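The next block holds one structure in the form of structure tokens; read it before the comments.
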Amino acid sequence: RTVYLNGDYLPETEAKVSIFDRAFLMADGIYEVTSVLEGKLIDFPGHATRLQRSLSELDLRAPCTMEELLEIHRELIRVNEITEGLVYLQITRGAPGDRDFVFPDPETTEPTIVLFTQNKPGLATSPMADTGMKIISIEDQRWGRRDIKTVQLLYPSMGKMMAKKAGCDDAWMVEDGFVTEGTSNNAYIVKGNKIITRALSNDILHGITRAAVLRFATEAQMEVEERNFSIEEAQGADEAFITSASAFVMPVVEIDGTAVGDGKPGHRAKRLREIYLEESLKMAI
Ligand code: PMP
């Protein structure tokens, strides 16, 4: 596999980063994941916009323009022959000469930029879309700036492991009695014709898929309500689902051992998945 590192396209075994890189020592970096369907990028402008926001919130410098970034994405898709899969992008504060809590001088320390592809045939036809996901709830113990897409993913990773140990597919995190989001996705419930999801704030990542799905839901004459909901309300809802760039729209059929609705993927979640795949492919670049 060919990867991209600081201006060069390299075989993955030759791409090396310093042990002083601040992402390695302090999780001082941000990332984006963009899915690829039919060899094209899904919602690249959305991901580029969020990337710029993450950079500016952390006072990180973009090592290239968004146009150049698009070209790098496209070149990796081409050389690695990705039809269905993902492009991972990471930008860190780089590698100053030593470990220090103080940010290095941006004049002397270049950011580190890494991109690689992941080949995922069948991404859009995942069997989980037909069976639905089983979810556990866990306490949200992450830091307070979840709106910034940092590489600080230890707690979400632990949450995923807790779900796995419980024989489930993922965890929804709960703070002050309300669901924030999934370990790597946004969380939704459906009541009647209403799609309910937590409003945007520093408490959750502003999902690129979320923005698109809420728009498509409104266009499909569904109502959208951005508000908090509890695990109990979710268990009693008609449907539940999650969204993310790599899972698109995925139905949730069980929460903490309780079936949601009739325990099968709900028809609104299924419909939103169809619309999302169809419409986002039309706009793919
Ligand atoms: N929340 C969290 C915590 C995530 O990690 C992700 C996936 N990056 C999402 C939500 C979904 O965001 P997106 O639709 O942009 O992939």
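If you go through segment 136-155 one residue at a time, do you hit one that is assigned to a strand (DSSP E or B), within 14 Å of the ligand (Cβ to nearest atom), in contact with a helix residue (DSSP H, G or I) (Cβ under 7 Å, 6 or more places away or on another chain) and not hydroxyl-bearing (Ser, Thr, Tyr)? Show your work before the answer.
To start, the set of residues in segment 136-155 that are assigned to a strand (DSSP E or B) comprises 136-139, 150.
Then drop every residue that is not within 14 Å of the ligand (Cβ to nearest atom), which leaves 138, 150.
Adding the requirement that they be in contact with a helix residue (DSSP H, G or I) (Cβ under 7 Å, 6 or more places away or on another chain) leaves 138.
Okay, now just the ones that are also not hydroxyl-bearing (Ser, Thr, Tyr), so 138.
For segment 136-155, residues assigned to a strand (DSSP E or B), within 14 Å of the ligand (Cβ to nearest atom), in contact with a helix residue (DSSP H, G or I) (Cβ under 7 Å, 6 or more places away or on another chain) and not hydroxyl-bearing (Ser, Thr, Tyr): present.
Quick one: which of 173, 128 is modelled with pLDDT of 95 or more and under 30 Å from residue 78 (Cβ atoms)? Give the steps one after another, and end with the answer.
Numbers: 173 fails: under 30 Å from residue 78 (Cβ atoms).
Going through 173, 128 in turn, just one is modelled with pLDDT of 95 or more and under 30 Å from residue 78 (Cβ atoms): 128.
Of the numbered conditions (1) within 29 Å of residue 274 (Cβ to Cβ); (2) touching a residue at least 60 places away in the same chain (Cβ under 8 Å), residue 92 fails exactly one; give the number of that condition.
If we test residue 92 against (1) within 29 Å of residue 274 (Cβ to Cβ); (2) touching a residue at least 60 places away in the same chain (Cβ under 8 Å), just (1) comes out false.
Please count how many residues of segment 29-59 are surrounded by fewer than 21 Cβ atoms within 10 Å (Cβ to Cβ), among the aliphatic types (A, V, I, L, M) and farther than 16 Å from residue 209 by Cα.
2
Let's see how each residue does on (1) among the charged types (D, E, K, R); (2) in contact with an Asp or Glu (Cβ under 7 Å, 6 or more places away or on another chain):
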| residue | (1), (2) |
| --- | --- |
| 145 | yes, no |
| 156 | no, no |
| 161 | no, no |
| 177 | no, no |
| 184 | no, no |
| 193 | no, yes |
| 197 | no, yes |
| 210 | yes, no |
| 214 | no, no |
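Just wondering, is there one or more residues in segment 52-59 that are among the aliphatic types (A, V, I, L, M), within 16 Å of residue 184 (Cβ to Cβ) and within 17 Å of the chain's Cα centre (by Cα)? Break it down into steps so the answer makes sense when it comes.
Taking segment 52-59 as the starting set, the residues that turn out to be among the aliphatic types (A, V, I, L, M) are 55, 58.
Remaining after also requiring within 16 Å of residue 184 (Cβ to Cβ): none.
Looking through segment 52-59, none of the residues is among the aliphatic types (A, V, I, L, M), within 16 Å of residue 184 (Cβ to Cβ) and within 17 Å of the chain's Cα centre (by Cα).
Could you please let me know if residue 92 is under 22 Å from the mean Cα position of the chain (by Cα), polar (S, T, N, Q) and outside the structural domain of residue 274 (by TED's automatic domain parsing)?
Details: under 22 Å from the mean Cα position of the chain (by Cα): yes; polar (S, T, N, Q): yes; outside the structural domain of residue 274 (by TED's automatic domain parsing): yes.
Yes, satisfied.
Yes/no matrix, rows are residues, columns are (1) in a loop (DSSP other than H, G, I, E, B); (2) surrounded by 18 or more Cβ atoms within 10 Å (Cβ to Cβ); (3) touching a residue at least 60 places away in the same chain (Cβ under 8 Å); (4) within 12 Å of the ligand (Cβ to nearest atom):
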residue: 211; (1), (2), (3), (4): no, no, yes, yes
residue: 225; (1), (2), (3), (4): no, no, no, no
residue: 237; (1), (2), (3), (4): yes, yes, no, no
residue: 246; (1), (2), (3), (4): yes, yes, yes, yes
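Restricting to segment 126-153, what's the tally of residues that are under 22 Å from residue 254 (Cβ atoms) and either out of contact with any Phe, Trp or Tyr (no Cβ under 7 Å at 6 or more places or on another chain) or of a type in the set (Val, Ile, Thr) (or both)? Give the derivation first.
Start the filter on segment 126-153 by keeping residues that are under 22 Å from residue 254 (Cβ atoms), which leaves 126-140.
Checking the rest, the ones that are also either out of contact with any Phe, Trp or Tyr (no Cβ under 7 Å at 6 or more places or on another chain) or of a type in the set (Val, Ile, Thr) (or both) come to 126-136, 138-140.
Number of matching residues: 14.
I'm checking my understanding of the structure. Among residues of segment 156-186 that are of a type in the set (A, V, I, L, M, F, W, C) and in contact (Cβ under 8 Å) with a residue 60 or more places away in the chain, which one is nearest to the ligand (Cβ to nearest atom)? Explain how you work it out, then say what you get.
Quick first cut of segment 156-186, residues of a type in the set (A, V, I, L, M, F, W, C) only: 158, 161-163, 166, 168, 171-174, 178-179.
From what's left, in contact (Cβ under 8 Å) with a residue 60 or more places away in the chain: 168, 172.
Working: 168: 17, 172: 11 Å.
Only one residue fits best here, namely 172.
Among the residues of segment 115-135, write down those that are charged (D, E, K, R) and either in a loop (DSSP other than H, G, I, E, B) or farther than 20 Å from residue 243 by Cα (or both). It would help to see each step written out before you state the result.
Taking segment 115-135 and keeping what is charged (D, E, K, R), we get 120, 130, 134.
Within segment 115-135, just 120 meets the criteria.
For segment 1-51, give me the residue count where each residue is touching a helix residue (DSSP H, G or I) at 6+ places or on another chain (Cβ under 7 Å) and in a helix (DSSP H, G or I).
5
Of the residues 71, 75, only one is outside any strand (DSSP E or B) and free of Cβ contacts under 8 Å to residues at least 40 places away in the same chain; which?
Exactly one of 71, 75 is outside any strand (DSSP E or B) and free of Cβ contacts under 8 Å to residues at least 40 places away in the same chain, namely 71.
The values are calculated or read from the model by the stated rules, or taken from the named source; none is laboratory data. It should be emphasised that the depicted structure is a prediction, and the values quoted were computed from it without experimental measurement. Virtual Cβ from ideal backbone geometry, glycine too; neighbours counted across all protein chains shown.
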